[in-house]
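J.: Handing you a structure now.
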Amino acid sequence: MRAAVYQGTQQFTIEDMADPTPGPGQVVIDVNYCAICGTDVHHFLYDVAPPGTVMGHEYSGVVSAVGDGVTRWSVGDRVVGGGGEPPPEVRAASPNRGERYNYRLDGFSGPSSRVRAYAEKVLLEEWEPVPVPDGVTDEEAAMCEPCAVTVHAVRLSQLKLGDSVVVLGAGPIGLLCAQVARAAGASKVIVSEPAPARAEAARRLGMDAVINPLEEDAEQRVVELTDGNGPDVVFECAAAKGTLDQALNMVRRNGQVVLVAIVWEQTPVLPPDWMAREINLKTSFGTQPEDWRIALDLIRSGKVTMEPLVSEASFLPLDEIQGAFEALCNPSNEVQMVVRHG
């Protein structure tokens, strides 16, 4: 099989690797689509991933081989790669995770021998995949993981029916978060995004307002759009320098800021004002198994749509992954890019 192997210093090479063979309790997935995650882009941009890593964790595919003892899968089953419920013995063997299986202490730079989905085939334990329901396409299913990330963030938040919401950043996570917040009952969703293509995607999704923070004072404009009080909840999905402080400044008194994006640089935060307004700062990380099932149902029902995020221009062959990562380090016309195998 072919795979994009990260060599360090912002360089991929396309290499031939041996096809995986499933052992007892394992399955092999033939990957159809793998979306390029913002976290992988940060691994590339900040040279975090160790050389020899095969990244890619937002993917859909088909079961192509099963190992001895596998009962829940058959060859030909459509799946997304990940999101399954870890059995008790797996949780017990991972004491650093415990009940919070979405958390790990080895961070993002620890060594990993796992080959992920910037390869044509992936080896998983039987419990790891999640079935793709009828009514969800393979292309849509590849976006299940980032959608589940936003489901997790919204479910952790204090968002209530009728609340006003601001989403900072209209990358894939921001656009999905805006839709999930609306599905959860937000009465008004405002998006702040400077990149033209991403701002246009937010408009096409019917957001109540889309602000360009490079052309106007985003904090002032958001307060104006929320009756002078500020929004009830702000989801920080930008991971840009200064946006966390901006979120804390614009939210209403006793409101909540949820940090969804992973910030890889020191970011300035000036506490006195938002401390005095008793703002609730909440962080969200990763997913839990139920988030994946909810995400797939939101996609199936049409409450979350991928159309503005993913178009035919979003798809690229594995050989073009280097250029895709370089473009996504400073996106302008790019919203989401997806590796299409085969």
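J.: Among the residues in segment 269-280, are any farther than 23 Å from residue 176 by Cβ and under 21 Å from the mean Cα position of the chain (by Cα)? It would help to see each step written out before you state the result.
T.: Taking segment 269-280 first, the residues farther than 23 Å from residue 176 by Cβ are 269-279.
With under 21 Å from the mean Cα position of the chain (by Cα) added as a condition, the list becomes none.
Looking through segment 269-280, none of the residues is farther than 23 Å from residue 176 by Cβ and under 21 Å from the mean Cα position of the chain (by Cα).
J.: Any residue in segment 45-64 that is modelled with pLDDT of 95 or more, in contact with a Pro (Cβ under 6 Å, 6 or more places away or on another chain) and surrounded by fewer than 19 Cβ atoms within 10 Å (Cβ to Cβ)?
T.: No, because not a single residue in segment 45-64 is modelled with pLDDT of 95 or more, in contact with a Pro (Cβ under 6 Å, 6 or more places away or on another chain) and surrounded by fewer than 19 Cβ atoms within 10 Å (Cβ to Cβ).
J.: Only one of these conditions is not met by residue 17: (1) surrounded by 14 or more Cβ atoms within 10 Å (Cβ to Cβ); (2) over 30 Å from residue 170 (Cβ atoms); (3) in contact with a Lys or Arg (Cβ under 7 Å, 6 or more places away or on another chain). Which number is it?
T.: (3)
J.: Here's a follow-up. Can you tell me which residues in segment 171-203 are touching a residue at least 60 places away in the same chain (Cβ under 8 Å) and within 20 Å of residue 248 (Cβ to Cβ)?
T.: 173, 174, 177
J.: Would you check if there is a residue in segment 211-219 being in a strand (DSSP E or B), over 21 Å from the mean Cα position of the chain (by Cα) and within 18 Å of residue 170 (Cα to Cα)?
T.: First, pick out the residues of segment 211-219 that are in a strand (DSSP E or B): 211.
If we keep only those that are over 21 Å from the mean Cα position of the chain (by Cα) as well, we get 211.
Imposing the further condition that a residue be within 18 Å of residue 170 (Cα to Cα) reduces the set to 211.
Yes.
J.: Residue under question is residue 30, and the condition is that it be over 30 Å from residue 172 (Cβ atoms), of a type in the set (Asp, Glu) and modelled with pLDDT of 95 or more; does it hold?
T.: When the stated conditions are applied, residue 30 does not pass them.
J.: Determine which single condition residue 207 fails, assuming it passes every other condition in (1) outside any loop (DSSP other than H, G, I, E, B); (2) at pLDDT 95 or above; (3) under 23 Å from the mean Cα position of the chain (by Cα); (4) not aromatic (Phe, Trp, Tyr).
T.: Here residue 207 meets the rest and fails (1).
J.: What about residue 242, is it surrounded by fewer than 22 Cβ atoms within 10 Å (Cβ to Cβ), under 16 Å from residue 181 (Cα atoms) and not assigned by TED's automatic domain parsing to the domain that holds residue 335? Explain how you work it out, then say what you get.
T.: Numbers: surrounded by fewer than 22 Cβ atoms within 10 Å (Cβ to Cβ): yes; under 16 Å from residue 181 (Cα atoms): no; not assigned by TED's automatic domain parsing to the domain that holds residue 335: yes.
Spelling it out, it is not the case that residue 242 is surrounded by fewer than 22 Cβ atoms within 10 Å (Cβ to Cβ), under 16 Å from residue 181 (Cα atoms) and not assigned by TED's automatic domain parsing to the domain that holds residue 335.
J.: Just one of the numbered conditions (1) modelled with pLDDT of 95 or more; (2) part of a helix (DSSP H, G or I); (3) within 22 Å of the chain's Cα centre (by Cα); (4) buried (at least 21 other Cβ atoms within 10 Å of the Cβ) is not true of residue 199; which one?
T.: Unmet for residue 199, out of (1) modelled with pLDDT of 95 or more; (2) part of a helix (DSSP H, G or I); (3) within 22 Å of the chain's Cα centre (by Cα); (4) buried (at least 21 other Cβ atoms within 10 Å of the Cβ): (4).
J.: Also, I was wondering about something else. So, residue 168, is that one under 20 Å from residue 246 (Cβ atoms) and surrounded by fewer than 23 Cβ atoms within 10 Å (Cβ to Cβ) or not? Even if it seems obvious, please write down each step before you answer.
T.: Numbers: under 20 Å from residue 246 (Cβ atoms): yes; surrounded by fewer than 23 Cβ atoms within 10 Å (Cβ to Cβ): no.
Answer is no for this residue.
J.: May I pose another question? Within the bounds of segment 229-238, is there any residue that is closer than 18 Å to residue 164 by Cα and more than 24 Å from the chain's Cα centre (by Cα)?
T.: Here is the first cut: in segment 229-238, the ones closer than 18 Å to residue 164 by Cα are 229-237.
Cutting the leftovers down to more than 24 Å from the chain's Cα centre (by Cα) gives us 229-230.
Yes, some residue in segment 229-238 is closer than 18 Å to residue 164 by Cα and more than 24 Å from the chain's Cα centre (by Cα).
The values are calculated or read from the model by the stated rules, or taken from the named source; none is laboratory data. Remember, it's a predicted structure, so these values are computed and weren't measured experimentally. Methodologically, a virtual Cβ is constructed for each residue, glycine included, from the backbone with ideal geometry; neighbour enumeration extends over all protein chains shown.
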